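Here's the structure, in structure tokens; my notes come after.
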Amino acid sequence: MQTNFSLAQLADPGVAEAEKILRSCVHCGFCTATCPTYVTLGNELDSPRGRIYLMKDMLENDRPADEDTVKHIDRCLSCLSCMTTCPSGVHYMHLVDHARVHIEETYKRPFINRMTRNMLTRILPYRDRFAFATRLSVLGKPFASLFDKVTPLKPIAAMLRLAPSKIYGKTEFTSPGSFKPEKQTQGRVTILTGCAQPALDAGINKATIELLNRVGVEVVLPEGEGCCGALVHHMGKEHQALESAKNNVRIWHEEIEKNGLDAIIVTTSGCGTTIKDYGFMLRNDAEWAERAAKVSSLAMDISEYLVLKELPAPNDTGEMVIAYHAACSLQHGQQVKSPPKDLLKAAGFKVKEAPESHLCCGSAGTYNIMQPEIAGQLRERKVKNIESTKPQAIAAGNIGCLTQIGSGTDIPTVHTIKLLNWAYGGEKPEELSNIL
Amino acid sequence: MTATEMTSETSSGIQMPKPDQAILARREEIVSALKAIVPGEGVVDNETEMRPFETDGFLAYRFMPLAVVLPETTEQIAQVLKYLAQEGVPVIPRGAGTSLSGGAIPQEDAVIVGLSRMIKILDTNYENRTLTVQAGATNLSISDAVASDGFFYAPDPSSQLACSIGGNIGMNSGGAHCLKYGVTTNNLLGVKMVLIDGTVVEIGGEHLDAPGLDLLGIICGSEGQLGIVTEATVRLIAKPAGARPVMFGFDTSEDAGACVADIIGTGIVPVAIEFMDKPAIDICEAFAKAGYPMDVNALLIVEVEGSDEEMDDMLARIVTIAKRHKVKVVKESQSATEAALIWKGRKSAFGATGRIADYICMDGTVPLGQLPHVLNETARIVESYGLRVANVFHAGDGNMHPLILYNINDPIEAQKAEDCGMDLLKLCVDAGGCLTGEHGVGIEKRDLMLYQYTQEDLDQQMAVRAAFDPEWILNPSKVFPFEARGNERPATGNA
Ligand code: SF4
Ligand code: SF4
């Protein structure tokens, strides 16, 4: 569509990129139909096309962000369903990332909102702080409904409700080291250990490493790797996000130079989308651009990597019926659609796909904390759709979805990799212990 | 910010009436009255939030509304219309805002009444093969809701994923599969509609033909000027035993055009015959990766359906005809996935064009025998403006969609594109066709209506319009050229 930026504005590479994206939108509205917030709220302003228009107006006029624009951008899940739908190839992700930085820089949020966001950015990205905070929130759980009574405090209630009842400490599979296969090595990878995931479910890393080892892949966990930066990135905290990105680029690139890596494996697809974007995020930083691009090019979801490998004949897992939930970061963010399903089928599971599988479950990073009402409606819709397929268990490749969906159903939720590890000789996931 | 400080940006050609200052001055009062009817976030009234409503799929033109209201019930719409009519405030009905003729574009003294929060499917009756739905529901949501039971809703505009059934009724929308099943008017059985004074009427019902005057036929295609449809009852059709899109590639557009005329002329009616020229093939392939043949200059997608024998038989006859027109490639879809991709590419053609340029999409219809001539002339006219064109359209019913490619940030080129578009529409009329196939007149073709019709013709149409809405409150600046209206028709004179 038509844009109206001055040459001075376009001298900023971020604005120039945003302009390019805006130019490619033809305002056809296709994206509205598959946007979770539009189908829930029915307002153009809560649709991709409406948000694009709001961002265009704000950026073109170089206006500080205002309360109304922020409200509608904050409601965006960054699920990127709109990018899958858009026939014109509009890169909504880079546009909204840019707008969020602009918001963070020019808008003063109300006190409690600011406090909640700051708290999240100070806790979530740090493995130890996160584990500590979750332990505390277990104690706070009974008080959740008190916080619900005051609108600005609803996020606190949401957070308490989401807190898991069990927390994992450090294990050997989340500490630096190298895991070599018994037989000959057919590849060498690192896996992102992550910040929140190991505390929520240490078994994911364990299953990944065990399975990779079993198929002859060496796994190394280099010292110093940290949070990928996705959470702060989505809050528009650019500096913090880039610092996280640089840290991981440095660590992984050193490992690539020293001992070589075939892939950087990610088992939390939300992080995968961001790591694959490091090359773009650091494109204008001469010192980092090349290394970041290299790292991004090696990043792979575990399912993308495994489909390339020859796997042994699976054990009998009793043809368990599994509803595969496609995490948005996987299906939309990374456009990885069939590998997880293909792997599950090949491993002997009966795979069901729920209706409306393109719609987000409402987890979306910290969304279920910051926007509990919309997130709750989306969870309800998702669970209803999944339950209609009558599965014995629900599989997904993203811990956020597993927590979110798990909080709305009695059907066990389990990471895809744990099912695969089980089928190929590992232990049965503890989540499934009640299913024969 | 007061209303008068707001400005609407407008491109050159098409004029809107000067806003009524008296209405602008009463903006606050009008907004609070609307808020009393539709609570919560149902009224959008600040400048920032109204901006995204200033245009639709015809985005070369943009005008700000006075306010936007998003009701949730027919009752609310009735109250809103009654109030606005009393106050003499123009009303712009809006479905999903995907119109390619500017049907949902507002004006500064008008209130947009949007249907996007009315999307429920109310009743499905397989015995009668009907379905009743709120008018804001998307076209595709109807087919999706009944697909697992073996039914579908036939009219399938390319924007069916997003466009609303209410908008479809307003524009009498068609689509690829209308060759066999007809357009909206052939598939609409009844509506609930709010008249301008707030009266709610039900017209038609769960049967095909109602006794008395065919009001439904008048409402369908009335571009939101007779009332606001809030519910629709539509015909469901049982899915055929099978369906197969087959691609026919030709060296020239002329050959492909002649082939279409010949197929229809022989009395064969496939479900769909779609045409794409080389630029369109390139664009669609880039998005959908459907496996369109890339070494041809024109492509027909012909869909046949029925039992395997029926499909084989019809295909064989079509292949014989195509051979007479020097067909170069015949390619059948090998699987359901492939068939879906072929259609996905075709239906995304307009949007996918955005990857390479801005465009305006024209929508004229010509008699089939004129297809080769019109295609040739189209190429010549577009070239004479120094522009490029991609053709992708419903060839079976002669509904042309030349996409004129240009750079919207270049005002000179934008003007050229618009002039070129007008010439192409005149070409269709000259060839014995008409201005619009399925996108409606909107503001885009409004000023060409006198090229198609005489003043007397338009007087009759306007008389019907005035019978429903004597004060010209509903979508007043659309369809009828100002110069044809005369002084006695209000709300339009001061252009
Ligand atoms: S689908 Fe793409 S081109 Fe169409 S309105 Fe959405 S973002 Fe813009
Ligand atoms: S990212 Fe998701 S929520 Fe945000 S606009 Fe796109 S589809 Fe809607």
Compute the helix-to-body angle for B:411-430: its Cα long axis versus the longest principal axis of chain B, expressed 0 to 90° and rounded to tens. 70 degrees
Contact order normalised by residue count of segment A:346-408, Cα under 8 Å, 6+ apart, percent: 41 percent
Within segment B:389-418, name every residue whose backbone N is under 18 Å away from a label modeled 7 Å from Cα of B:Asp430 along the Cβ vector. B:400-402, B:417-418
Restricted to Cα positions, what overall size does segment A:7-106 have along the principal axes? Three whole-Å values, descending. 37, 29, 18
Three-way shape call for chain B based on the alpha-carbon gyration tensor, with the a/c threshold at 1.5: prolate
Using label points projected 7 Å from each Cα along Cα→Cβ, tell me how many nm separate B:Asp410 and B:Ala316, to one decimal. 5.3 nm
CD proxy, 222 nm, chain A: helix-only mean residue ellipticity via -39,500 (n - 2.57) per DSSP H run with n ≥ 4, per residue, nearest 500, stands at -14000 deg cm²/dmol
Values of log10 I(q)/I(0), in the order q = 0.14 Å⁻¹, for segment B:385-495 under a Debye, Cα-only, solvent-free model: -0.68
Degrees, to the nearest 10: B:278-288 long Cα axis against longest axis of chain B: 80 degrees
Relative contact order (%) - chain B, alpha-carbon pairs under 8 angstrom, separation at least six: 15 percent
Please compute the modelled spin-label separation between B:Leu213 and B:Asp149, points set 7 Å along Cα→Cβ, answer in nm with one decimal. 3.5 nm
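Semi-axes of the equivalent ellipsoid for segment B:213-332, please: Cα gyration tensor eigenvalues, times 5, square-rooted, ordered largest first, whole Å.
32, 20, 16
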Output the Kirkwood hydrodynamic radius of segment B:215-284, Cα pairs only, in Å rounded to one decimal. 16.4 Å
Quickly work out the A:Lys428-to-B:Tyr451 label distance, labels modelled 7 Å from Cα along the C-beta direction, and quote it in nm with one decimal. 7.4 nm
Which three extents, in angstrom, do the Cα atoms of segment A:205-258 have along their principal axes, listed largest first? 40, 25, 14
Relative contact order of segment A:321-432, pairs being alpha-carbon contacts under 8 Å that are 6 or more residues apart, as %: 30 percent
Only sites in a loop by DSSP and with at most 12 other Cβ atoms within 10 Å count here; which GluC sites (Glu not before Pro) in segment A:301-382 make the cut? A:Glu310, A:Glu319
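Would you kindly give the portion of the calculated P(r) for segment B:243-430 that falls above 27 Å, as a percent of all Cα pairs? Kindly include the intermediate steps, with their values, before the conclusion.
On the way: 4465 of 17578 pairs.
Cα-Cα pairs of segment B:243-430 separated by over 27 Å account for 25 percent.
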What whole number of Å gives the distance from the Cα centroid of segment A:221-280 to the Cα centroid of segment B:341-371? 42 Å
Förster radius 51 Å - calculated FRET efficiency between A:Arg114 and B:Met422, Cβ distance, rounded to 0.05: 0.40
What whole-number volume per residue, in cubic angstrom, does the convex hull of the C-alpha atoms of segment A:177-306 give? 96 Å³
Within straight cross-link reach of A:Lys337, meaning Cα distance under 20 Å, which lysines are found once same-chain residues fewer than 8 apart are removed? A:Lys276, A:Lys309, A:Lys345, A:Lys350, A:Lys352, A:Lys382, A:Lys418, B:Lys289, B:Lys344
How far is helix B:308-324 tilted, in degrees, relative to the longest principal axis of the Cα atoms in chain B, given as a value from 0 to 90 rounded to the nearest 10? 80 degrees
Protein accessible surface hidden between B and A, which excludes ligands and nucleic acids, total in Å², probe 1.4 Å: 3000 Å²
Take the alpha carbon atoms of the protein assembly as shown, find their radius of gyration, then divide it by 2.2 N^0.38 Å using N residues; give the quotient. 0.98
Which translational diffusion coefficient, to the nearest whole µm²/s, is obtained for chain A from the Stokes-Einstein equation, given a Kirkwood hydrodynamic radius over C-alpha pairs, 25 °C and 0.890 mPa s? 110 µm²/s
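The values are calculated or read from the model by the stated rules, or taken from the named source; none is laboratory data. Please read these numbers as outputs of a predicted model, since none were measured by experiment. Cβ: placed from backbone, ideal geometry, glycine included. Neighbour counts: every protein chain shown. When the accessible area is computed, the model is the full protein with side chains, heavy atoms only, and any ligands, DNA or RNA have been set aside. Shrake-Rupley method; radii C 1.70, N 1.55, O 1.52, S 1.80 Å.
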